[in-house]
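A.B. asks: One structure coming up, written as structure tokens, with questions to follow.
The values are calculated or read from the model by the stated rules, or taken from the named source; none is laboratory data. No experiment lies behind these values; they were computed from the predicted model shown. Note: ideal-geometry Cβ built from the backbone for every residue, glycine included; neighbour counts use all protein chains shown. Protein only, heavy atoms only, side chains kept; ligands, DNA and RNA dropped before computing areas. Shrake-Rupley method; radii C 1.70, N 1.55, O 1.52, S 1.80 Å.
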Amino acid sequence: MKMRNFYCLLLLVMGDSFLGRRNWHHRWLLSCRAVQGLSMSSSTSRRTSLDFRSKIQGQLILAPLTRGGNLPFRRLCSDFGMEVSFSEMVYSRFLIKGDRAEATRLRRANTEQFFGVQIATNEIDEGVRAMNMAYEAGADFVDLNCGCPIYEATRRGLGSSLLRSPKKLEQLVQGMVEGSGNKIPLSVKIRLGCSEDTINVKDVVENMRMAGAAAVTIHARTARQGYRKPADWEMIKEVVDEEKASGSTMPIIGNGDILTHYEATKRMEDSGVHAVMVGRGCLIKPWIFQEFKNQQEWEPSLEDRIEVYYRLTSYMKDYFGSDELGRKKAWTFLPWHFSFFSRFQAYPERDYKEQSLVSPLIHRRIETPRDASPLQALLSHRNEDTHSLIADSLWSSDSSSNAVQRLLQLAESEDFRDIQTKCSLEEATSRDSDETAELANVPASDGKWKRRRRRSQKPVRTDEGIAAIRAERAAKKARLEAEQSKEMGTAQ
């Protein structure tokens, strides 16, 4: 109380320049209300941070995923025990301008327990407005994307380009936190840095803590690495240790190369992170959340897997509609999901735990066994045409048992045999999507997901070649000078 009275008196003395010659009693009341507001705001911020930390403690969190993070898929993950989830990334500028596609990404499934909306922005006012819209739509927290490496994002000053200046990023996050009135937590998702030569994750995390971020998720690769190299969990551990040594209570979430429940548990224990985030791993097997909770792997039969895929299809019908228009909307997502579902392979802990300590299992090459049944070969096929046929069979089914029968027929059909004939295993593998591009949500100018085009490599010139070019240029110059002199003589 004495401290509050001191601040009230301080504001009272300073009040002449702002309030003029109002009576002292009125100015005293205004000063006390201002201090009370600051105190309430700080108290609200502390309660919000504590609630956020408790909600994510020890959780396996669904990452923000382009295409994969659609509402029907998140609903499916909820069925398997997912408790914390993110939306697909929302482009803030389009959202506040009324873009309907961006607005739909604010929606949450009824079964989502703790739901966050990820946004991409580099402006405080734009970010605050997007945060308020997410709050009004029912989000429990908001996340700022500072990890997207795609050129179409970085050229706009979004995504991983924000990591180039930790101080500016701190100002952005602080402005968004304060501008939102601390009514909704703001977390930040980052990478180790823009490149291996500019790793600055420790500085960025410190700046985020100073800015008031509710948590920081570290994807343990640089932006330039994309998904090509294994995640550096040792670096995450170093960050966690330094933050704890500084007395920080801000949660750190680790992200990268999680495919099994025992990998997630091991990473959490060894690094000391508050929680672990899973992306591609849950796209391959949405039941990873159930495995993590039970600390036991589930080895589904082919029929079990089809039941899961049929359930996702049913959820898409619920969300998009079961008519032709709904099917058209769902087709942006459903066939695409099989580019990940087809990678499923069981990795029992008893057989693969030791291998996972040496190299992440998600980097293992998947090959269909030679003695695979037709149905197994169908579900493991890595061709887009096959994925479309599978999706069509699921969409046309009226039950999971009916879906099994339709897919058995498809596996023995001429259509699938034709695709197998045309596509060797190497060709199917080479058609894998670029995961760095697929898991970003900023469209290129032509509406496709792609990297920046690289300039073609210039040929190396020899000394003889350089001499020939110089001689050619000298001859051309002499010829032009001669023509110019001739023209001047004619004019005279």
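A.B. asks: Tell me which of these residue 125 doesn't satisfy, since it passes every other one: (1) more than 15 Å from residue 180 (Cβ to Cβ); (2) open to solvent by 40 Å² or more (accessible area, probe 1.4 Å).
C.D. replies: Of everything listed in (1) more than 15 Å from residue 180 (Cβ to Cβ); (2) open to solvent by 40 Å² or more (accessible area, probe 1.4 Å), residue 125 misses just condition (1).
A.B. asks: Could you tell me which residue of segment 128-157 is most open to solvent (accessible area, probe 1.4 Å), considering only residues that are without any contact (Cβ under 8 Å) to a residue 40 or more places away in the chain and of a type in the set (A, V, I, L, M, F, W, C)?
C.D. replies: 133
A.B. asks: Here is a further query. Report, by residue number, each residue of segment 172-204 that is within 25 Å of residue 137 (Cβ to Cβ), assigned to a helix (DSSP H, G or I) and open to solvent by less than 50 Å² (accessible area, probe 1.4 Å).
C.D. replies: 172, 173, 175, 176, 177, 179
A.B. asks: Every residue in segment 382-404 that is under 17 Å from residue 422 (Cα atoms) and either open to solvent by 40 Å² or more (accessible area, probe 1.4 Å) or part of a loop (DSSP other than H, G, I, E, B) (or both), please.
C.D. replies: Scanning segment 382-404 gives 382, 383, 384, 385, 388, 389.
A.B. asks: Something else: Show me the helices (runs of 4 or more DSSP H) entirely contained within segment 62-171 in which 2 or more residues are at pLDDT 95 or above. Working first, answer last.
C.D. replies: Numbers: elements: 71-79, 92-96, 100-104, 124-136, 151-154.
Output list reads 71-79, 92-96, 100-104, 124-136.
A.B. asks: Related question: Are any of the residues in segment 221-228 among the β-branched types (Val, Ile, Thr), modelled with pLDDT under 95 and open to solvent by 30 Å² or more (accessible area, probe 1.4 Å)? Please lay out each step first, then the result.
C.D. replies: Going through segment 221-228, the residues among the β-branched types (Val, Ile, Thr) turn out to be 222.
With modelled with pLDDT under 95 added as a condition, the list becomes 222.
With the extra rule that they be open to solvent by 30 Å² or more (accessible area, probe 1.4 Å), the set shrinks to none.
Checking segment 221-228: not a single residue is among the β-branched types (Val, Ile, Thr), modelled with pLDDT under 95 and open to solvent by 30 Å² or more (accessible area, probe 1.4 Å).
A.B. asks: Which ones in segment 405-418 are assigned to a helix (DSSP H, G or I) and either charged (D, E, K, R) or in contact with a Leu (Cβ under 8 Å, 6 or more places away or on another chain) (or both)?
C.D. replies: 406, 407, 408, 410, 411, 414, 415, 416, 417, 418
A.B. asks: Going through segment 295-353 one residue at a time, which ones are closer than 18 Å to residue 76 by Cβ and charged (D, E, K, R)?
C.D. replies: Within segment 295-353, 303, 304, 305, 307, 311, 317, 318, 329, 343 qualify.
A.B. asks: Kindly provide the set of residues from segment 413-448 that are surrounded by 13 or more Cβ atoms within 10 Å (Cβ to Cβ), charged (D, E, K, R) and modelled with pLDDT of 55 or more, ordered by number.
C.D. replies: Of everything in segment 413-448, just one residue is surrounded by 13 or more Cβ atoms within 10 Å (Cβ to Cβ), charged (D, E, K, R) and modelled with pLDDT of 55 or more, namely 435.
A.B. asks: Any residue in segment 347-363 that is within 14 Å of residue 265 (Cα to Cα) and touching a residue at least 12 places away in the same chain (Cβ under 8 Å) sitting within a Cβ distance under 6 Å of a residue that is outside any loop (DSSP other than H, G, I, E, B) and open to solvent by less than 30 Å² (accessible area, probe 1.4 Å)? List the pairs, counting only those 6 or more apart or interchain.
C.D. replies: 349/262; 353/262; 356/263
A.B. asks: Here's a follow-up. Would you check if there is a residue in segment 150-162 being within 21 Å of residue 277 (Cβ to Cβ) and among the charged types (D, E, K, R)?
C.D. replies: Within segment 150-162 (the criterion being within 21 Å of residue 277 (Cβ to Cβ) and among the charged types (D, E, K, R)), the answer is no, since none of the residues qualifies.
A.B. asks: Tell me, yes or no, whether segment 367-381 has at least one residue that is part of a loop (DSSP other than H, G, I, E, B), open to solvent by 80 Å² or more (accessible area, probe 1.4 Å) and in contact (Cβ under 8 Å) with a residue 40 or more places away in the chain.
C.D. replies: Let us first name the residues in segment 367-381 that are part of a loop (DSSP other than H, G, I, E, B), namely 367-373, 380-381.
When the remaining residues are screened for being open to solvent by 80 Å² or more (accessible area, probe 1.4 Å), the result is 367, 370-371.
Keeping just the survivors that are in contact (Cβ under 8 Å) with a residue 40 or more places away in the chain gives 367.
So far as segment 367-381 goes, yes, one or more of its residues are part of a loop (DSSP other than H, G, I, E, B), open to solvent by 80 Å² or more (accessible area, probe 1.4 Å) and in contact (Cβ under 8 Å) with a residue 40 or more places away in the chain.
A.B. asks: Between a residue in segment 318-335 that is on the phi > 0 side of the Ramachandran plot and any residue that is open to solvent by 90 Å² or more (accessible area, probe 1.4 Å), which pairs come within a Cβ distance under 9 Å, given they are 6 or more apart or on different chains?
C.D. replies: 321/329
A.B. asks: Restricted to segment 205-233, and to residues that are in a strand (DSSP E or B) and not hydroxyl-bearing (Ser, Thr, Tyr), which residue is nearest to residue 278 (Cα to Cα)?
C.D. replies: Only one residue fits best here, namely 219.
A.B. asks: Additional query: Which of (1) closer than 30 Å to residue 92 by Cβ; (2) among the polar types (S, T, N, Q); (3) modelled with pLDDT of 80 or more is the odd one out, the single condition residue 401 does not satisfy?
C.D. replies: (1)
A.B. asks: What's the total number of residues in segment 62-102 that are under 24 Å from residue 149 (Cα atoms), open to solvent by 20 Å² or more (accessible area, probe 1.4 Å) and free of Cβ contacts under 8 Å to residues at least 24 places away in the same chain?
C.D. replies: Adding up the residues that qualify gives 3.
A.B. asks: If you don't mind, there's one more thing I want to ask. Could you name every one of the helices (runs of 4 or more DSSP H) located completely within segment 234-349 that has at least 1 residues being buried (at least 23 other Cβ atoms within 10 Å of the Cβ) and among the charged types (D, E, K, R)?
C.D. replies: Once the helices (runs of 4 or more DSSP H) in segment 234-349 are filtered for at least 1 residues that are buried (at least 23 other Cβ atoms within 10 Å of the Cβ) and among the charged types (D, E, K, R), what remains is 261-271.
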